[in-house]
Amino acid sequence: MQDSVANYDVVAVLKQIPWTHIDGGEGKSMDSQLIFDGADGGPEATRAKIKGFISEPHFHRASQFQLLLSGVMQFPTFRMDGVAVHYTDHCVAYGPHSRAGQHDFLVVHAKPAGLTRLKDLKNKEMRSEINRRGRHLHGSEHGAMQEQVPGCAGATQKTLISDPRGVNVKIFECSAGMELTLDAPCYGRFELITKGSAMLNGKELGEETLRFVQGATPEAALICGSQGATIIVMTYDDDAAQTYGGSLREDLKIVLPSLQAHE
C-alpha cells in the first residue's frame, strides 16, 4: 500500500458533458468527451466513438483501463466485443488495433498519463522505456459466468478480469435498495452505472454516471435505486501508485487536430 494515499471521490454525469466532433474524411470520424482531466494529479477519463481510424502501436505512462461499451476492437491476437475491457500496466506497449460496429469506449487512468507511439522511439535508450514485463489483460462479458456476490443475496456479478496482484473488473447486477459495499480503493477505482440508478450520500445518480474513488478506507457505498442498478467496477492495484509523465489533456491537444481532415 502507498505510504500516503490521496483521497478522491468525484462524480461525472456523462450525459451532461459536451461532445467534440472530428471529421477525418473518407468515412473516418471521432466524437469524444473529456470527463476527468487529471488537472490536480488525480484521475483522467475520456469517452470516444470512433469510426475508421486504426491506432498505431503505443503505450501509456500509467496503468490504464479501456472499457468497450459497444462495438468491436480488433487486436493482433484477440478480438473484443462490448461489453469488454482491456488493461495495461504503465508503459506496456500494445497495438495496432482497429474498431468496428457501434464503437463506444472509455479510457480511464487513476493518475495523469501521457501517450508514446513506438515509432517515435528512435534509439535503444528511448526504447528502454517500454515495460516488457508488465501485464496486458483483457476480458469480455460474453465469456464471463454470472455468480452470486458473497454475502449479498440481492446481487450477482460477472468477473471480466481478476489478477492476483489486485487488478480486477466486475459487472454487478444489484437489486433495489442493495448497498454495494467494496474494499478500500487504495490505488483507485472507477464505478460506472450503465442501467438503473443509485444513491450516493443522499444524491441520486442515474445511468451513464462515472465515479472515481481513492482512499485508504472504504468510501461511501452506492445504494441501488428502485429499479436496481448495473454497475461496472474497475479496480487498480499498486501499478497505479505512480505515473511516468505526460497527461491526457496534453495528448488531446496534439491528437485531435491531427485527426482533422485537411481541406
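The values are calculated or read from the model by the stated rules, or taken from the named source; none is laboratory data. As the structure is a computational prediction, the values presented were derived from the model and not from experiment. Note: ideal-geometry Cβ built from the backbone for every residue, glycine included; neighbour counts use all protein chains shown. Side chains are part of the model used for accessible areas, which takes the heavy atoms of the whole protein and leaves out ligands, DNA and RNA. Shrake-Rupley method; radii C 1.70, N 1.55, O 1.52, S 1.80 Å.
The table below lists the values:
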{"read-out": "GNM top mover of Phe190, Phe212, Phe53 - the chain, alpha-carbon springs below 10 Å", "value": "Phe53"}
{"read-out": "Choice from Ala110, Ala93, Ala45 with maximal GNM fluctuation in the chain (Cα, 10 Å cutoff)", "value": "Ala93"}
{"read-out": "Sequence of Ser63, Ser98 when ordered by accessible area, the most exposed leading, probe 1.4 angstrom", "value": "Ser98, Ser63"}
{"read-out": "Local net charge near Val11, Cβ-Cβ under 12 Å (Lys/Arg +1, Asp/Glu -1)", "value": "-3"}
{"read-out": "Calculated from backbone phi, Karplus (6.51, -1.76, 1.60) coupling profile of the range 158-165 in Hz, x at Gly/Pro", "value": "10, 9, 8, 9, 8, 10, x, 6"}
{"read-out": "Label of the coordinate-derived value, Cα extents along the principal axes in Å, listed as (1) 59, 44, 31; (2) 54, 43, 35; (3) 63, 39, 29", "value": "(2)"}
{"read-out": "Area accessible to solvent at Ser70, 1.4 Å probe radius, in Å²", "value": "40 Å²"}
{"read-out": "Accessible area in square angstrom per residue, the chain, 1.4 angstrom probe", "value": "48 Å²"}
{"read-out": "Percent carbon-and-sulfur accessible area, the chain, ignoring ligands, DNA and RNA, probe 1.4 Å", "value": "50 percent"}
{"read-out": "Between 0 and 90°, nearest 10: helix 248-259 axis offset from the chain longest Cα axis", "value": "50 degrees"}
{"read-out": "Residue with peak Gaussian network fluctuation, the chain [Cα springs, cutoff 10 Å], from Gly25, Gly196, Gly154", "value": "Gly25"}
{"read-out": "Amide proton proximity set for Gly225, modelled H, under 5 Å, gap of 5+", "value": "Gly177, Ser197, Ala198, Met199"}
